[in-house]
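Here is the structure we will look at, set down as C-alpha cells.
The values are calculated or read from the model by the stated rules, or taken from the named source; none is laboratory data. For clarity, every value in this text was computed on a predicted model and none was experimentally measured. Neighbour counts run over all protein chains shown; Cβ positions are idealised from the backbone, glycine included. Just the protein is used for accessible areas: all its heavy atoms, side chains included, with ligands, DNA and RNA removed. Shrake-Rupley method; radii C 1.70, N 1.55, O 1.52, S 1.80 Å.
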Amino acid sequence: MSAASGRQAPVTPEHIMQLGFGFWASKTLLSAVELGVFTVLAGGPLDAEALRVKLGLHPRSARDFFDALVALRVLDRTDGAYANTAEADLYLDRGKPSYVGGILEMANGRLYPFWGNLTEALRTGRPQNEAKAGGDFFSAIYASPEGLSGFLNAMTGVSLPVARALAARFPWAGVRSVIDIGAAAGSMPVELALAHPHLEAGGFDLPPVRPVFEAYVAQRGLAGRVRFHEGDFMRGPMPSAEVLVMGHILHDWDLEEKRMLVAKAHAVLPQGGALIVYDRMIDDDRRENAAGLLMSLNMLIETPGGFDYTGADCVGWLREAGFASVRQEPLVGPYSMVVGIK
C-alpha cells in the first residue's frame, strides 16, 4: 500500500457547517408550506413567472426560492416548469387526506421562534412557548378556536404515517374495540377503522376537541362509525376498550405523571386487553435516534416537565403498572411502539 493510499481522509468542517446552517433549508421548506407552493403545483407544472404570480411573490428572489426547493428535492424542474416531487405531492398538498403539512405549519408559526430561546431553556429548565410567563401550554393552545384547530391539524400531520403503520403492524383481526387516548382530530382511529372495518374505533380528548374531531371523521366518510369520547385523562379515568393507544402523550409529562397515565390505562383495560404506546422513542444507547432526542429538547421548550424516553424506559413503566407481557417493536421512521398485554 502506498503512503498516499494509506492516508486517512482529511477532517473537514462540512458536517458541522451543515448542522449549523440547517435552519436555512428548514425555513425554506416551512415558508413553501406556508405559501401553499405544493398545493398550487398539485394542479400541474408551472413556469417560474406563473408560479410567482400565483403565490404573490416579489420578483427579486422567487427563482432562487423555487430552485432551492429543487435542490432540496421537494420540487422537480423540467424545461423550465416546476412540479412537485412524488413525496411532496402526496404529503404537502392541502387538498389530499394524506397531507402532513399541519405539523410543519405549527413548526413555522410556533416552534421556529420558540427554538430561538433554546439556550435560555437549557440554562433555566423552563418552557419558552406561550407558557413562558407562567401560564399553561395547553390552556394557551385551547384558548381560541383558531389555535386549537391549528394544533389539532398539526397532530394529524405528525400522526398520519404512524397511524397507517400501526394499522398494518398490530394484529387487529381479533380485536373488537380500540380507543386512541388524546386523539386530537382523530387520524389514528380513522386510519384504524378504514383499514379494519370490523373495529369499533373511538378517540378520547377534551370537550373542545369534539367539533374538530367529528368534522374530520365526517370528512373521511366515517361519521357514526368512529366515536368521540369526552374527558380529561389527567383528572379522571380513561374510557375502556380492548385496546388503548397512547401516542405523543407520555412525552408531555414528567416521570410521575407518565407512570400515573400508564397505571390509569392498565386499570380500565379488560384481561387480555392491550396498551399500545408509540413515540419517537430514543434508542437505548442514546446515540442513534436524533429525532427522539431532539423531540425531547422540544418538550423542554414546550412543557414544564415533559421529556422523551427510551423503549427500555417505557417497557419498565408498563411492567411496573402490572402488564403481564410487554414487548417493543420498531414502527416507522424514528417511531417505535411498546405493547403491553394485561
Q. In square angstrom, rounded to the nearest 10, how much accessible surface does K342 have for a 1.4 Å probe?
A. 40
Q) By the scheme Lys and Arg +1, Asp and Glu -1, what is the net charge of all other residues having a beta-carbon under 13 Å from that of F114? A) 0
Q: Would you work out what percent of the accessible area of the range 160-319, with all protein chains in place, is carbon or sulfur (probe 1.4 Å)?
A: 55
Q: Compare V53, V212, V162 by solvent-accessible area with a 1.4 Å probe and give them largest first, with all protein chains kept in place.
A: V53, V212, V162
Q: Averaging sequence separations of C-alpha pairs under 8 Å and six or more residues apart, then dividing by the length of the range 14-117, give the relative contact order as a whole percent.
A: 30
(Q) For the pair R210/R169, report the inter-label distance in nm, with labels modelled 7 Å from Cα in the Cβ direction. (A) 3.4
Q. Shape call for the range 47-113 from the C-alpha gyration tensor, a ≥ b ≥ c root eigenvalues: rounded (a/c under 1.5), prolate (a/b greater than b/c) or oblate?
A. oblate
(Q) Please compute the per residue accessible area over the range 152-197 with all protein chains in place, 1.4 Å probe, rounded to a whole number of Å². (A) 29
**Q.** Label-point separation, D254 to F21 (7 Å along Cα→Cβ), nm
**A.** 4.2
Q) For the range 263-312, what is the relative contact order in percent, using Cα pairs closer than 8 Å and at least 6 residues apart in sequence? A) 32
(Q) Can you give me the accessible area per residue for the range 205-308, using a 1.4 Å probe, in Å²? (A) 44
Q. Relative contact order for the chain using alpha-carbon pairs under 8 Å, separation at least 6, rounded to a whole percent?
A. 12
**Q.** Which of K54, K258 is most accessible, then next, and so on - probe 1.4 Å
**A.** K54, K258
Q: Could you pull out every one of the aspartates and glutamates with an alpha carbon less than 20 Å from that of K264, ignoring same-chain neighbours closer than 8 positions?
A: D180, D205, E230, D232, E242, D252, D254, E256, D279, D308, D313, E320
**Q.** Accessible solvent surface per residue of the range 34-104, calculated while the other protein chains remain in place, 1.4 angstrom probe, Å²
**A.** 56
Q: Could you please put M17, M246 in sequence from largest to smallest accessible area, using a 1.4 Å probe?
A: M17, M246
Q) Which of Q271, Y99, G80 sits closest to the plus end of the dipole of the chain, meaning its Cα is farthest towards the positive end, when Lys and Arg get +1 and Asp and Glu get -1 on the C-beta? A) Q271
